[in-house]
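K.L.:
I have a structure I would like to understand better, so I am pasting it below and will then ask my questions one at a time.
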Amino acid sequence: MEEILKVNGLSKQFDDLPVLDNLSLSVKKGEVVVIVGPSGCGKSTFLRCLNGLEDIDEGEVLLGEEKVNPNKKNLSRTRERIGMVFQSYDLFPHKTILQNITLAPIKVKKRKKAEVEEEAIKLLDRVGLLSKKDSYPRQLSGGQKQRVAIVRALIMHPEVLLLDEITAALDPEMVREVLDVVLSLAKEGRTMLIVTHEMAFAKAVADRVIFLENGKIVEEGSPEEFFDNPQTDRLKRFLKTFSYEK
Ligand SMILES: Nc1ncnc2c1ncn2[C@@H]1O[C@H](COP(=O)(O)OP(=O)(O)OP(=O)(O)O)[C@@H](O)[C@H]1O
Ligand SMILES: [Mg+2]
């Protein structure tokens, strides 16, 4: 399958703290890559480098043929091609759900309002939130707001979607409704890089799982290999922290 995202020898440090160390990764169109690793290992920094939110010290990120980041000239274009959803949904409090979703396509992509609204309504319906289109963010639950944030990313028609711990701030019942939306996106062939601490979800959604530590990929494999037959002691220890024994 066609390669859509390629990272070559990416290194990044904050002052004298090395975070990413000569990291390389290639993602095919339609592939779902899940990234796991201990807190502070550089997962968020890595995703942020991919869509140009962070400067890169060494190496390069290629989106198709296009190079991300080096001079920032093509940055807004990059952000349209690589969508990102974070833990905090950052919706505009004084705008309705529909306005939150349609703002960027109308302003940035100069699309027609009627056409964008029609698409927004279809997407809201798909995530079960059509009835909330005229509500304000404060009137929605966390899980509902996060589904709106996903719709807001989708309406930009990104080629790659980056999801950074999008359920970390949610109550358990709301986690499921958000992850079900992500599973349905995976089924329809979306290319995604997902950072999550939900291991059962990771196993279900991933084509490939990557374990990141000290700025390097320590181990990677299919979800079955990764979770059922980890090779390195380090990954074995990490996975143990998610299971409880009496
Ligand atoms: N803007 C910044 N300035 C300085 N240091 C930073 C900055 N952003 C992140 N760091 C540091 O870089 C390292 C990697 O951070 P990052 O947020 O990428 O980790 P993470 O794997 O996403 O962790 P978590 O699982 O807790 O979200 C951490 O040590 C963090 O303190
Ligand atoms: Mg993080």
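The values are calculated or read from the model by the stated rules, or taken from the named source; none is laboratory data. Note that the structure is predicted; figures quoted are calculated from it, not measured. A quick note on method: Cβ atoms are made from the backbone with ideal geometry, for glycine too, and the neighbour counts reach across all protein chains shown. What goes into the accessible areas is simple: the full protein's heavy atoms, side chains included, and nothing from ligands, DNA or RNA. Shrake-Rupley method; radii C 1.70, N 1.55, O 1.52, S 1.80 Å.
K.L.:
Stretch T232-D90 to full length: gain in nm at 0.36 nm per residue minus the Cα-Cα span?
P.N.:
Full-extension gain reported as 47.3 nm.
K.L.:
Hey, can you find the accessible area per residue of region 24-140 for me, probe 1.4 Å, expressed in square angstrom?
P.N.:
It amounts to 52 Å² per residue over region 24-140.
K.L.:
May I pose another question? Pick from G83, G142, G64: which is most flexible by mean-square fluctuation in a GNM of the chain where alpha carbon atoms under 10 Å apart are linked?
P.N.:
G64
K.L.:
If you place +1 on the Cβ of every Lys and Arg, -1 on the Cβ of every Asp and Glu, and leave all else neutral, what size is the dipole of region 1-142 about its Cα centre, to the nearest 20 Debye?
P.N.:
For this selection, approximately 820 debye.
K.L.:
For the chain, which whole-number percentage of the solvent-accessible area (1.4 Å probe, protein heavy atoms only) is attributable to carbon and sulfur atoms?
P.N.:
Of the solvent-accessible surface of the chain, carbon and sulfur hold 48 percent.
K.L.:
Another one. Find the Rg to Rh ratio for region 1-72, where Rh is the Kirkwood radius over alpha-carbon pairs and Rg uses the same atoms.
P.N.:
Rg/Rh: 0.96.
K.L.:
Still on this structure, I have one more. Please report the spacing between the Cα centers of region 1-35 and region 217-232 in Å, no decimals.
P.N.:
The two parts, judged by their Cα centres, are 18 Å apart.
K.L.:
From the mean inverse distance of alpha carbon pairs (Kirkwood) and the Cα radius of gyration, derive Rg over Rh for region 98-148.
P.N.:
Here Rg/Rh amounts to 0.97.
K.L.:
Assigning unit charges at the beta carbon (Lys, Arg +1; Asp, Glu -1) and nothing else, what dipole magnitude in debye, to the nearest 20, does the chain show about its Cα centre?
P.N.:
So the magnitude is around 1040 debye.
K.L.:
Nearest 5 percent is fine: what portion of the DSSP beta bridges confined to the chain is antiparallel?
P.N.:
Here the antiparallel bridges make up roughly 55 percent for the chain.
K.L.:
Dipole of the chain (Lys/Arg Cβ +1, Asp/Glu Cβ -1, origin at the Cα centre): which of G59, P137, F227 lies farthest to the positive side?
P.N.:
With unit charges placed on the Cβ atoms, the residue in question is P137.
K.L.:
Skipping prolines and chain starts, which residues have an amide H placed within reach, meaning under 5 Å, of the one on E219, given they are 5 or more residues away or on another chain?
P.N.:
Here F211 satisfy the definition.
K.L.:
Can you tally the net charge around K12? Count Lys and Arg as +1, Asp and Glu as -1, for every other residue whose Cβ sits under 11 Å from the Cβ of K12.
P.N.:
Taking every Cβ under 11 Å from that of K12, the sum is -4.
K.L.:
On to the next question. Want the number for A204 to S24: 0.36 nm per residue separation, take away the alpha-carbon distance, what's left?
P.N.:
62.4 nm
K.L.:
I need to check one value: relative contact order of the chain, counting alpha carbon pairs closer than 8 Å and at least 6 residues apart, in percent.
P.N.:
The normalised contact order for the chain reaches 26 percent.
K.L.:
Further question on the same structure: Which residues in region 82-123 place their backbone N less than 13 Å from a point set 7 Å from the Cα of E159 along the Cα-to-Cβ direction?
P.N.:
Flagged as within label range: 82-83.
K.L.:
Using r as the Cβ-Cβ distance of K216 and T241, and R0 as 25 Å, what FRET efficiency do you calculate, to the nearest 0.05?
P.N.:
The calculated FRET efficiency here is 0.80.
K.L.:
While we're here: Put a dot 7 Å past each Cα toward the Cβ at S11 and L130; how far apart are the dots in nm?
P.N.:
5.4 nm
K.L.:
Shifting gears a bit: Taking Rh as the Kirkwood radius, which is the inverse of the mean 1/r over Cα pairs, what is the Rg/Rh value for region 114-184?
P.N.:
When Rh is taken as the Kirkwood radius, the ratio is 0.95.
K.L.:
So the label point goes 7 Å from the Cα of E66 along Cα→C-beta, right? Which residues of region 1-19 then have their backbone N under 19 Å from it?
P.N.:
The answer is 2-8, whose backbone nitrogens lie closer than 19 Å to the label point.
K.L.:
Given 37 °C and 0.692 mPa s, how large is the Stokes-Einstein diffusion coefficient of the chain in µm²/s, with Rh as the Kirkwood radius over Cα pairs?
P.N.:
174 µm²/s
K.L.:
Next question. When the label point is put 7 Å from the Cα of E58 along its Cα-to-beta-carbon vector, which residues of region 18-37 have a backbone N closer than 11 Å?
P.N.:
Hits in region 18-37 for E58 at 11 Å: 21-23.
K.L.:
Step through the residues of region 16-32 one at a time and calculate ³J(HN,Hα) from phi using the Karplus curve (6.51 cos²θ - 1.76 cosθ + 1.60, θ = phi - 60°), rounding each to whole Hz and writing x for Gly and Pro.
P.N.:
Listing the rounded values in order: 9, 9, x, 10, 10, 10, 6, 8, 10, 7, 10, 10, 8, 4, x, 7, 10 Hz.
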